[in-house]
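Presented below is the structure to which this report refers.
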Amino acid sequence: MLPLTLYTTSGCHLCEHAEAILEQGGHDFQAVDIADDLSLMEQYGVRIPVVKDDSGRELGWPFDGTQLEAFLMGE
């Protein structure tokens, strides 16, 4: 599977839930804390958690494992 990026920040319970969905699905992902980058904070501050694939497509919260799989299949 292609690596994914999960935009997140510490203390975000929704982000923790999204991370668990990714882990349960066996997906490789890199968690990026938006608090470390002002431009990411501006872009994702009220939208996290957000999953981004290597082609730049984004899946915003809320999502479950089924919706994540559909997103990854291009549906």
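Observations
- Subset of segment 18-56 (residues that are of a type outside the set (S, T, Y) and free of Cβ contacts under 8 Å to residues at least 12 places away in the same chain): A20, E23, D36, D37, L38, M41, E42, Q43, G45, V46, G56
- Scope segment 1-54; condition among the acidic types (D, E), more than 21 Å from E69 (Cβ to Cβ) and modelled with pLDDT of 95 or more; matching residues: D33, D37, E42
The values are calculated or read from the model by the stated rules, or taken from the named source; none is laboratory data. Note that the structure is a prediction, hence the values are computed from the model and not measured. All Cβ positions, glycine included, derive from the backbone under ideal geometry; neighbour counts span all protein chains shown.
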